[in-house]
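Written out below as structure tokens is the structure these notes cover.
Coordinate-derived values only; no laboratory data. Given the structure is predicted, the values throughout are model-derived calculations rather than measurements. No Cβ is skipped: glycine too gets one built from the backbone with ideal geometry, and neighbour counts run over all protein chains shown.
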Amino acid sequence: MAEPILDIATIEQLNKADLIKAIDWLITKDFEKLVFILYRIDVSEAKIKSLLDQANTTDAAPVIAEAILQRLAEKKASREKFKQDPSASDEEKW
């Protein structure tokens with residue numbers, strides 16, 4: 001596998017299997033970039049460590065992928081919850 005191009009928009013478009021492959025590649029070839037991606041998505045190191053400790057597997061990529069997908073879903077839900085109605089007047093927005 002060639003170096004995956006991973007930014008938040010790309011990650012949101014990947015299916016879980018492709019995300020796992022990309023994370024696996026990053027774990028073995030560019031761990032620093034994986035840490036940066038986790039930081040940008042706001043997945044804490046403590047959460048990853050906790051999930052890995054709880055997992056009954058030695059394969060970290062699926063666990064990390066699930067954490068990323070979960071955090072992206074949380075962020076999307078939060079954006080939807082707090083999205084302002086575009087038809088509201090400026091006075092109603094305040």
Check your understanding: In terms of Cα to Cα distance under 27 Å, which lysines are near enough to Lys76, apart from those fewer than 8 places away along the same chain?
Key -> Lys16, Lys21, Lys33, Lys47, Lys49, Lys93
Check your understanding: Calculated from DSSP H runs of 4 or more alone, at -39500 (n - 2.57) each and per residue, what is the 222 nm mean residue ellipticity of the chain, nearest 500?
Key -> -22000 deg cm²/dmol
Check your understanding: How long is the gain from Glu45 to Glu66 if the chain were fully straight, where each residue apart is worth 0.36 nm and the alpha carbon distance is subtracted?
Key -> 6.1 nm
Check your understanding: Using 7 Å Cα-to-Cβ label points, what is the Glu74/Asp7 separation (nm, one decimal)?
Key -> 2.4
Review point. For the chain, what is the relative contact order in percent, using Cα pairs closer than 8 Å and at least 6 residues apart in sequence?
Key: 29
Review point. How far, in degrees from 0 to 90, does helix 60-82 lean away from the longest principal axis of the Cα atoms of the chain, to the nearest 10?
Key: 0
